[in-house]
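One structure is given below, encoded as C-alpha cells.
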Amino acid sequence: MGYTGFQAERRGLEANVTYLVGREENVLIWEMSLRSDRDRKVQIFPYVELGMMEFLREIQWQCYNKHQLACYPMGEVLVYRYGVENQPRPDETPLVFFAADVPVAAFDCDRDSFVGSYWSEENPVGVEQGELSDSVMYGGDPCFALQLDLELAAGEERKVHIFLGTAMTEEEILQTAARCRKADFAQRAREGLQEQWERYLSGFQCTLADKDAQTMVNIWNPYQVERNFQFSRNISYYATGTFRGVGMRDTAQDILAMIPLDTGRAREKMDLLFSQQYRDGHCNHYFFPTEGWEPVTRIHSDNHLWLIMDVYHLVMEEGSLEYLSRELPYYDGGWGSVWEHVGKSIEFTLSHMGENGFPLMLCSDWNDMLYKVCRKGKGESIWTGMQFGTVLRMMKELAGLMGESGVKYEEAYQQMQEKVNSLGWDGAWFRRCITDEGVFIGSDREPQAKIWLNTQSWAVISGLGDPDKQIAAMDSVRKYMDTELGIRKIYPAMEDYPSKEDPLTYYNKGCGENGSVFCHANTWAIIAECMLGRSDYAWKYYRQLLPMVAQARAGQERYRAEPYVYASNIFGPESDRFGLANVSWLTGTAAWMYLAVTQYLLGIRPCWEGLSVKPCLPREMLPAVVTRRFRGKVYRITIRSNDDVDVEPA
Ligand code: GLC
C-alpha cells in the first residue's frame, strides 16, 4: 500500500525501483536496486520533467512566466525555483530539489539541453550520448536530470536512492537532503508506511468464500476510501483540481466510510464541513481549503442533510454524544454546537418545501443532472424527500439520546411518508421528481426515463415506502434496470425528453447520469435488498460490480479501467460502448460499497448499545469470519448463518 514498484531484466542486468513517500519528509523516494551477472559499468539517468506549479499558466502564459523560473545546482543537489509572484500563494510556494545518495557525475537543469531539439523524452540526447552537459537554467523550461556512473561487480546487489523533494529554503534543502542520505532513511520510510496502512486496514478484516470480494473488503475498497477521503474529487488523472475543490455532498459521503476506520480523521473533516454551513442551515456546494479561493455557493437540496448522516454514524461508532456538543462556526458568522448545526439542516429543508409537499429541488439534488427541473424555483425532489426521511429517523433517535423530544422529527417523517406513498407512487415504482410545471418525472406515463433507481432504493432505506410498495419497487428495478454489469440509473435513457428543443440532458443514451450503470447508486440497491432480507439479490448486485468481476465479464478491451478500484459509472446497455468503465477512483461508490458490504451484507453495524450483527449473506457465502475494531477493542465475529453468529474478543 502506498508505493509503486517496477522490475526489469535485460542481458543479465536486473533493475528494481520502488517509489514511495514516507511520513517524515516531503520527499518522493526512488529506491533502486541493481544486480548484474558480470562485472560492468552502468550509467543511470534519473529525470524529472518540471512544469509550472500552476499547470494552466503553462498553457496560458509560458512565454513570459518562463523568465521567472530557475533551475540550478547547489553542490550535488539540483534546485528548482518557481518564482512567479502573481500566483495565489507565492509565499507558500516551496523550492523543489533532486538529489542522490551516490556521487553525481554530471547533470542537466535545462530541458532542451537534456532532451535535445527535435529529440524526445523517449530518446533524450543526453542519454544517447552518455554524457550530460551540466546545463543550468535561468529562464526557459526546467528539468532535473542526473548522471550516475556506477561499477557493478558480478552478483553484487547495489542500492541507489534518489530523492525528489520540496523545502522552503536552500538551507532546509541541504538539511533535508542530508537526512535522506542516512543509511536507514528509505527503510524507515517503507516501514513507517507499512505500519500506517496496517493500522488502518486492521480495523476490519474478513475471510470470505468469495476471494474477489475478500480482496476488495480487506484491501482495495478501504484503500480507495482513504484516497477519496484525502483528495476528494480533486487533482488526479481525471480531474484538474481547479474547480471541484472539496464538495460538500461528496466529502460528507466519503466520511461515512472513514468513521469505522478512523474516527479522528473523520471528525477533522466533519469540523471542516460544518464550517461551510450557514446559520439558516444550507451549505456551500464546493469549497477550496487549500487554495483559499471563494467557495461555490449554489444551494442544493441534499448537501446539508448528508451532514446528519455523518453525525449519526459517528455517535454510533463512538458510543458517545460528545461530538454533538462541539462548538463550530457558521460560514456567515456565529457559532453553534454540532447538535444546533444539524437542527438547522432540518429547519432549512422544512422551510424549503414545494407545493406538493416534497423538498424543493433548488439547484439539483444528489443527481447533478436534475438542475433543469427547477429553473423557476418550483421543482421538487421526491428523492430528497426520502433522504430527508432517512435523516429524520436519525435525528429522532439522537434527540432521544439527548433527552429531548423527537416529536417534530416524527411528525415531519409521517408527513413525508404520506406524500411518498400517494403522490410519489406510480403504480409499480416510486416517481423521481416534479418539474416547475408540475410534471412527474419517473413515471410510466412519460415516454422516457420512466423509472429511476434512487427512489426505489431510498424508499426502502428511509423506510418511507409502504412494505408492499418497497418490494414491488425493488422488483421493478430487477425487472427493468438490472444488467450483468450492474443496475442502470434510469430506464429507458432519454433522447429528446421532455422536448427536443430543451432536453433534460445532452448526455448520450447510456452515458453518465443518462442510463449508465451508475455504480454509486448501485450501492444503495444492495443496501435496500439487504434491508428487505433478500440476500441473493443483494449479493448478485454486489458481486457483479466487483471491479475484477466486471472487468472479466466485459473484457479489458471494453472495460478499460483498473480491476481493483470502483469506477463512478459504466456505459449502459443503451450505448454501443456498454461495459466501458469511466472515472475510476473518484467516486462515492467507494465509501458506500464499503458500507454496503461491511454493514449490510456482513451486517456488522454500530448502534448505541453496541455492535449489531445482522448479516444478509446467501448460503454459499457462509461461513464468514470478521475481525473488527470497535470502541477501542477488537472483536472476532463468526457468521455461521444469518441467524447464527458468534462475537468474541479477538
Ligand atoms: C458525481 C458527483 C456527485 C453527484 C453524482 C450524481 O459523482 O461527484 O456529486 O452526486 O455525480 O450526479
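Quick note: the coordinates plus some simple rules give every number you see, no bench work behind them. Small disclaimer: the values here were computed from a predicted structure and weren't measured. Cβ sites come from the backbone with ideal geometry, for glycine too, and all protein chains shown count toward neighbours.
Size of the dipole of the stretch 472-624 about the Cα centre, Lys and Arg at +1 and Asp and Glu at -1 on the beta carbon, nothing else charged, in debye to 20?
So the magnitude is around 440 debye.
Measuring from the lowest to the highest alpha carbon on each principal axis, how far does the stretch 3-198 reach, largest first, in angstroms?
That works out to 53, 44, 27 Å along the principal axes.
Could you derive backbone 3J(HN,Hα) for the stretch 21-28 from the dihedral phi with the Karplus parameters 6.51, -1.76 and 1.60 (θ = phi - 60°), listing whole Hz in sequence and x where the residue is Gly or Pro?
10, x, 8, 8, 10, 7, 9, 8
Treat every Asp and Glu Cβ in the stretch 338-411 as -1 and every Lys and Arg Cβ as +1, leave all other atoms uncharged, and give the resulting dipole magnitude about the Cα centre to the nearest 20 debye.
Around 320 debye, computed over the stretch 338-411.
According to the Cα gyration tensor, what semi-axes, each the square root of 5 times an eigenvalue, does the equivalent ellipsoid of the stretch 514-565 have, listed from largest to smallest in whole Å?
Over the Cα atoms of the stretch 514-565, the ellipsoid semi-axes are 23, 12, 8 Å.
List, in order, the whole-Hz ³J(HN,Hα) value for each residue of the stretch 571-586 obtained from phi through the Karplus relation with A = 6.51, B = -1.76, C = 1.60 and θ = phi - 60°; use x for Gly and Pro.
3, x, x, 7, 9, 6, 9, 2, x, 7, 7, 9, 6, 6, 6, 8
Show the residues, 5+ positions off or on another chain, whose built amide H is closer than 5 Å to the amide H of V634.
Under 5 Å from the amide H of V634 lie the amide H atoms of A650, each far enough along the sequence or on another chain.
Which of the residue pairs K509/K614; K269/K450; K509/K540; K376/K489 have a Cα-Cα distance greater than 32 Å in the structure shown?
K509/K614; K269/K450
Given a cut-off of under 8 Å on Cα pairs at least six residues apart, what relative contact order in percent is computed for the stretch 114-242?
The value is 9 percent.
Along the positive direction of the dipole of the stretch 3-198 (beta-carbon charges: Lys, Arg +1; Asp, Glu -1; about the Cα centre), which of S135, Q175, N16 reaches farthest?
N16
Which trypsin sites (Lys or Arg not before Pro) does the stretch 345-400 hold that lie in a coil by DSSP with at most 12 other beta carbons within 10 Å?
K376
Relative to the longest principal Cα axis of the chain, at what angle does helix 55-65 sit, 0 to 90 degrees, rounded to 10?
With both axes taken from Cα atoms, the answer is about 40 degrees.
Please go through the stretch 511-611 and write out the chymotrypsin sites (Phe, Trp or Tyr not before Pro) that DSSP classes as loop and that have at most 14 other C-beta atoms within 10 Å.
Here the chymotrypsin sites (Phe, Trp or Tyr not before Pro) that fit, given the DSSP loop and packing criteria, are W608.
Would you mind checking which residues have amide H under 5 Å from G354's amide H? H placed 1.01 Å from N; only 5 or more apart, or other chain.
L360
Between helix 382-401 and the chain, what is the angle of the helix's C-alpha long axis to the longest principal axis, kept within 0 to 90° and rounded to the nearest 10?
90
Just flag the GluC sites (Glu not before Pro) in the stretch 143-223 sitting in loop per DSSP whose Cβ has no more than 16 other Cβ atoms within 10 Å.
Answer by residue number: E156.
Treating only the Cα positions of the stretch 266-309 as identical point scatterers, give the base-10 log of I(q)/I(0) from the Debye formula at each q in 0.24 Å⁻¹.
Computed log10 I(q)/I(0) values: -0.89.
FRET efficiency for W293 and D502, Cβ-Cβ distance as r, R0 = 30 Å, nearest 0.05?
0.40
Relative contact order for the stretch 3-198 using alpha-carbon pairs under 8 Å, separation at least 6, rounded to a whole percent?
That works out to 30 percent.
Which semi-axis lengths, in whole Å and largest first, follow from the square roots of five times the eigenvalues of the Cα gyration tensor of the stretch 148-232?
36, 21, 11
Mind pulling the angle between the C-alpha long axis of helix 263-274 and the longest principal axis of the chain? Nearest 10 degrees, somewhere in 0 to 90.
It works out to around 70 degrees.
If you average 1/r over all unlike Cα pairs in the chain and invert the result, what Kirkwood radius do you get in angstrom?
27.3
For the chain, what is the mean residue ellipticity at 222 nm derived from helices alone (per DSSP H run of n ≥ 4: -39500 (n - 2.57); sum divided by total residues; nearest 500 deg cm²/dmol)?
The helix-only estimate for the chain comes to -10000 deg cm²/dmol at 222 nm.
Based on the inverse mean of 1/r over its pairs of different Cα atoms, what is the Kirkwood hydrodynamic radius of the stretch 319-476, in Å?
Taking the inverse mean of 1/r over all distinct Cα pairs, the stretch 319-476 comes out at 16.5 Å.
What Cys residues in the chain are without a partner cysteine, judged by a Cβ distance under 4.7 Å?
C63, C143, C180, C206, C283, C363, C374, C433, C511, C519, C607
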